[in-house]
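> Got a structure for you, written out below as structure tokens; questions coming shortly.
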Amino acid sequence: MSARRVTAPAPRDVDVHELTLEARWAARWQGWADWPLTAPIVALAGLAVALDVAAAWTGTTLGSVGPVEVSPALPLAAALVASLGVARLGASRRSLLAWRELAVGLGAVVALATLGYALLLARPAEAAGLLVAALGEELVYRLAAVLVVGALCARLLRRDWRTPRAWGAAPGLVALGVGALLFSVLPGHVVQMTNLARTVPFASLALLLGYTVLRTGAVWPAVLVHALLNLTTMAAWRGASPAGVRLAIAATALGALVAAADIAGRRLGVRRRVPSVIDLSGLRPD
């Protein structure tokens with residue numbers, strides 16, 4: 001009996017469209033924030049961070065809003081915002097529309113929480129001070145610290161430090177870690193760290209808020225969440241709200257921030273669906 005010769009089918013030409021139809025897709029961030037950095041901006045950010053840390057440990061203030069002290073780094077942080085441009089930090093019309101659900105929903109909740117704190121506890125100045133504190137800490141530790149550490153790390157790695165979107169993963173992650181560390185070791189936080197269970201929340205909060213800021217470039221969503229956490233924490237501390245309610249509000253606010261950042265990133269085109277695995281078996285070899 002003669003052997004039957006079997007010929008394998010020739011590979012067929014496959015176009016890119018057909019390949020992507022067979023691909024496995026995943027949503028991925030397209031780099032970090034789109035901030036135009038210069039040497040003076042980085043220097044200003046570094047000065048703001050250094051001044052805030054030094055002032056916190058020496059007790060130096062610009063005064064206070066109610067019982068809440070105002071950091072002398074706040075004017076420098078405001079100058080940093082002006083240098084970058086508020087539009088780059090999430091205040092453009094396009095960005096606000098991308099964040100619209102969080103802007104309306106969380107904005108209303110923070111407004112009601114502030115009004116309730118001012119009226120029910122009869123502490124309007126303290127309520128205003130907690131908002132100012134949230135703004136200052138976000139500008140210093142989620143913007144200035146992340147910006148300056150990330151730029152320096154990118155420069156050491158010989159990457160384009162002027163464009164965070166081109167930093168790559170390492171500079172961004174190092175910046176988030178250092179920013180979280182600086183925030184966690186502030187004197188007011190250290191005195192609350194009696195055990196590991198009390199240490200983790202500060203670092204994890206800083207990392208989460210910093211990540212949403214560095215990914216999207218928008219600072220105000222983190223400010224709103226931080227302000228709400230300040231109000232609910234102090235209300236619980238003064239006995240006006242159960243601790244369980246505070247934890248529920250915090251978990252809901254942080255979950256909403258993460259979900260809103262994902263949605264806003266997709267709407268702004270900085271978080272896109274890209275093929276993670278493509279079947280190339282049908283391609284004709286060169």
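Every number in this text was worked out from the coordinates using simple rules, so none of it is lab data. No experiment lies behind these values; they were computed from the predicted model shown. Here the Cβ is made from the backbone with ideal geometry for all residues, glycine too, and neighbour counts use every protein chain on show.
> Enumerate the amide H contacts of TRP25 below 5 Å, restricted to partners 5 or more residues apart or on another chain; note that Pro and chain-start residues carry no placed amide H.
Under 5 Å from the amide H of TRP25: SER276.
> Then there's this: How large is the dipole of region 146-246 about the Cα centre if only Lys and Arg carry +1 and Asp and Glu carry -1, each at its Cβ, rounded to the nearest 20 debye?
200
> Now a separate question. Evaluate E = 1/(1 + (r/R0)^6) for LEU62 and TRP25, where r is the Cβ-Cβ distance and R0 equals 41 Å; express this FRET efficiency to the nearest 0.05.
So the FRET efficiency works out to roughly 0.20.
> Where the Cα atoms of region 131-190 are projected onto their three principal axes, how long is each span, largest first, in whole Å?
Taking the Cα atoms of region 131-190, the three principal extents are 37, 21, 14 Å.
> Across 10 Å bins from the origin, how do the percents of Cα pairs in region 47-108 run, short distances first?
Going from the shortest bin to the longest, the percentages are 20, 31, 30, 19, 0.
> Give the separation of the Cα centroids, region 115-133 to region 23-69, in Å.
25
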